[in-house]
Structures are given as structure tokens and as C-alpha cells.
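S.K.: Sending over a structure as C-alpha cells; questions will come in a sec.
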Amino acid sequence: MNDYLMDTYARLPVSLVRGDGAWIYDEQGKRYLDTVTGIGVCGLGHAHPEIAEAMAEQARTLVHAGNVARMPLQERLAERLCRITGMERAFFCNSGAEANECALKIARRVGHEHDVESPEVVVAEGSFHGRTLAMLSASGSRKVQAGFEPLVQGFVRVPYGDAAALESVARHSPSVVAVMLEPIQGEGGVVSPPEGYLRKVREICDANGWLLILDEVQTGLCKTGRWYACQHDDVLPDVLTTAKALGNGLPIGACLARGEAATVLKPGKHGSTFGGNPLACRTALMVLDIMERDRLYERAQSVGESLLGRLRERLAGNDRVVAVRGRGLMLGIELDAPAGELKHAALKRGVLLNVTREKVIRLLPPLTIAEDELDLLVDVLGEILDAFREAA
Ligand code: PLP
């Protein structure tokens, strides 16, 4: 712990100073296989040479000018993201929470345009949408809300994956204007909804004139085996939020929208000093170029399937493992008891691990992770989970 930093994170007892591909190094030069990637951010691995070069060149050209004039790189990135997602317009910001704030403001503005006095947004139990006051209020976790009351109003909560609950809301809540969901809940423990759920939600939204807002902050950018997870189900949302891996570590987020949702915010209604600056946009364009050139959505799909199969095989018979699940390279291993200590056990064996919802090891390795690195990961996970079982 450091006296000059607010005590907001339970940090591992190691100082990380350098990265290279799937590896991250501490001050003593010890290296760790990074399955956390800054919580799903460095999808292309650390210190990617082409990204570093694009950043450096842009830093020598123009880093920032504010949104006071046209920004060609921002326009290019907006077009690119719209083509990838089927959306029509983008608003750029600096984080996932900010992208979701923009989505919520859009939903409320659309509601007011339709004379809904107090527009409400349906959100799911177990969800996580960020730490701003509105987003922690939207999130379905008391842990992130407790102590910050009064919460922001205007959310209706339903169980995740339960389409009937949504239909019931449609019958009883006339002020609802939108549904906001993660296609797979990340912080919630890598939880996928039942097959067909997203399509059903789309139908319910259409039938009721609601916007469908998909929070793809964690699931986006090839991680699940498609550019965006909703593409597995051919579901087109009205608003899609993205951040995390978009800048491979440089802060950038975007709220993408189509139809009325894309045009409802007018000058003076929303903004961000840093949002979409040339450095962030140039970096994100390079990230997208590399993902497309190297077809990393396909790689995430095939490598993810193989990793999932190998983990299931290695962990079969370990009765403390409740489930091994996920899609692409967004995987979770649920255990039968809190497993925070496993982060330390893995660290000793040279692997950086993340645990969410106390009992779920969440794997978000770089999309570029190599075969021998996967071998090491399966071995280390197998060993530390053998020890976890023996300790019971
Ligand atoms: N939405 C989802 C689904 C997330 O997983 C996260 C972060 O983990 C956020 C939003 C918040 O993103 P940020 O921390 O960039 O504000």
C-alpha cells in the first residue's frame, strides 16, 4: 500500500513495470503470463510494436485539440466502428462507464422526446456497468452500491437471462424506454444467458418501442470470437457501448447508436474534453487494423474453444470446480468457495490471474497468446486447483 494513493484497490504484492506480448515483468525482472490484460484491455498484448509506433508518431504530430473543430481521425474511427457494428454514429469518451453514461443519457432523451416524464431503463441482476453514480446504480451488485446512497433513480431490475421477467415489466411499467444488458456478464462471473435470450430481448424491445442498449465494454473487440458478442446471435442493438480493448491500454470508449438514438444528442447536451482525441483515435484505428488483418476474432474463437476443452479435461474430477465456461477468450472457472488466494498461488508460479465474484477465476488473456503459453496456463491452473482441492 502507498500512503499517497487512495486505498481503492486490493493490489497484488508485486510492482509491474514492463510488458512484452502476453508477458508482464516486475521490478526485479521476474515475468508473469498475463491472463488479466488490465481487465480485458490489452487484447493485442503488451508493448505491441505497431501500436507503439502509431502512438509515438501521433504524439509527435497532434495529441489533443479538444472537440472544437473537425477531427479527421475521430471521423475515421467513427465510420470504422459503425461499419463493424451496424451502428450509424459514435460519441467518443474515455472509459466504459462514460460510454454507458452516454447510452443512459440517450435513453432518457429519447424517452422525453416521446413525452415519458420519468423514463426508466431495465437492467439485470448481476450486471456491472461502471463506477460512476449512475452506472453503479444501474449495476446489479449491492457491493458496488453500498455506502453511496442515494442511488440514481430510474432503473427497473430483472433477473439476467429471464425473458419472461422482461415481458412482465412490459405489462406493468409504462415508463420503460430501454433495456441495458451485457451479452455475457463479465464482472458478474462470466455468465452467459440461455440460448436465444438476446434475440428474444430484441423482440420484446421492438414490440414495446424500447431501445436495446448492449454494454459490450468487456465482451467487445474479438474477445468472444466475433467483433462484438451480439454478432453471435445476429442481434443488432440500438446502442452499443465499447471501451477497454479499443485502445489496447490507451483510454478510449465509445457509445455507438443507430436510428433515433443516434441523433437525439445535440450540441450542448453531451461532451468530453479528452473524448476522441487524435492520439486515442489513431491508436484505436491501429488496434482495429491489426485485429482485422490478423483475423483475431477467428483466433479468439478457435484458441478459446481449445483452451476451454483443455481446461475442462484437466479439471474434470476436481470436485471443487463447479463450472468451466465462457466464449472465445473470455473464460471463467467457478469454484465452490472464495478463491482470492489463488491469485497469490498463481503469481508464485509466474501467472497473473484475476478472480471475480469471489469464486470465479476469469481468464482474459491476449488474443495473440501462443500455444506454449496456453500449455503453461493449463498446467499452472491445474496445479493450483489441485492444491485448492487438497486444502479442503
Ligand atoms: N461495463 C462493463 C461490462 C465492464 O466490464 C466494465 C468494467 O469492467 C465497465 C462497464 C466499466 O468500464 P470502465 O472501468 O472503463 O469505466
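S.K.: Taking the Cβ of residue 16 as the centre, find all other residues whose Cβ is under 13 Å away and add up their charges (Lys, Arg: +1; Asp, Glu: -1). Provide the component values of the computation, followed by the final result.
M.R.: Numbers: positive: 11, 18, 30, 31; negative: 20, 26, 27, 34.
Result for the neighbourhood of residue 16: 0.
S.K.: Output the peptides 220-232, 318-330 sorted from most to least packed, where packing is the average of other Cβ atoms within 10 Å over each peptide's residues.
M.R.: Working: 220-232: 24.8, 318-330: 20.0.
Top of the packing list down: 220-232, 318-330.
S.K.: Continuing with the same structure: What 222 nm value per residue comes from the helices of the chain, counting each DSSP H run with n ≥ 4 as -39,500 (n - 2.57) and dividing by all residues, nearest 500 deg cm²/dmol? Numbers along the way, then the final one.
M.R.: Values: 13 runs with 149 residues, N = 392.
So the calculated ellipticity at 222 nm is -11500 deg cm²/dmol.
S.K.: Listed highest first by mean packing, meaning other Cβ atoms within 10 Å per residue, what order do 61-70, 279-288, 349-358 come in?
M.R.: 279-288, 349-358, 61-70
S.K.: Still on this model: Give me the percent of the accessible area of the stretch 271-358 that comes from carbon and sulfur atoms, probe 1.4 Å, all protein chains in place. Mind dumping the intermediate values first?
M.R.: Working: 1780 of 3790 Å².
That share works out to 47 percent.
S.K.: Here is a follow-up. Quick check: net charge around residue 39, other residues with Cβ under 10 Å of its Cβ, Lys/Arg +1 and Asp/Glu -1?
M.R.: Values: positive: 244, 362; negative: 187.
Summing Lys and Arg as +1 and Asp and Glu as -1 gives +1.
S.K.: The stretch 334-382 to the stretch 83-98: how many Å between their Cα centroids?
M.R.: 31
S.K.: Assigning unit charges at the beta carbon (Lys, Arg +1; Asp, Glu -1) and nothing else, what dipole magnitude in debye, to the nearest 20, does the chain show about its Cα centre?
M.R.: 500
S.K.: Let me ask something additional. May I ask you to give the solvent-accessible area per residue for the stretch 51-293, in square angstrom, as obtained with a 1.4 angstrom probe?
M.R.: Per residue, the stretch 51-293 has an accessible area of 42 Å².
S.K.: Moving to a separate point now. Amide H to amide H under 5 Å from residue 253: which residues, 5+ apart in sequence or cross-chain, H placed 1.01 Å off N in plane?
M.R.: Answer set, sorted by chain and number: 93, 94, 95, 276.
S.K.: Something else about it: For residue 105, what is the net charge nearby, where nearby means another residue's Cβ is under 13 Å from its Cβ and Lys, Arg count +1, Asp, Glu -1?
M.R.: +1
S.K.: For the stretch 51-293, what log10 I(q)/I(0) values come out of the Debye formula at q = 0.10, 0.11 1/Å, with one point per alpha carbon and no solvent?
M.R.: -0.45, -0.54
S.K.: Can I ask one more? Determine, for the stretch 51-293, the count of lysine pairs separated by eight or more sequence positions (or lying on different chains) whose alpha-carbon distance falls under 25 Å.
M.R.: Close lysine pairs found across the stretch 51-293: 9.
S.K.: Here's something else I'd like to know. Which one, 297, 329, 247, projects farthest toward the positive side of the charge dipole computed for the stretch 240-392 from Cβ point charges (K/R +1, D/E -1)?
M.R.: 247
S.K.: Continuing with this model, one more query. Could you tell me which of 58, 126, 41 has its Cα farthest along the dipole of the chain towards the positive end, charges placed at Cβ (Lys, Arg +1; Asp, Glu -1), taken about the Cα centre?
M.R.: It is 58.
S.K.: Let me ask another. Treat each spin label as a single point 7 Å out from the Cα along the C-beta direction, and report the residue 11 to residue 349 distance in nm.
M.R.: Label at residue 11, label at residue 349, 2.6 nm between them.
S.K.: Order these peptides, 71-82, 11-22, by their mean beta-carbon neighbour count within 10 angstrom, highest first. Please list the in-between numbers first.
M.R.: Numbers: 71-82: 18.1, 11-22: 15.0.
Descending packing order for the listed peptides: 71-82, 11-22.
The values are calculated or read from the model by the stated rules, or taken from the named source; none is laboratory data. Please read all numbers here as calculations on a predicted model, not as lab measurements. Backbone-built Cβ (ideal geometry, glycine too); neighbour counts: all protein chains shown. What goes into the accessible areas is simple: the full protein's heavy atoms, side chains included, and nothing from ligands, DNA or RNA. Shrake-Rupley method; radii C 1.70, N 1.55, O 1.52, S 1.80 Å.
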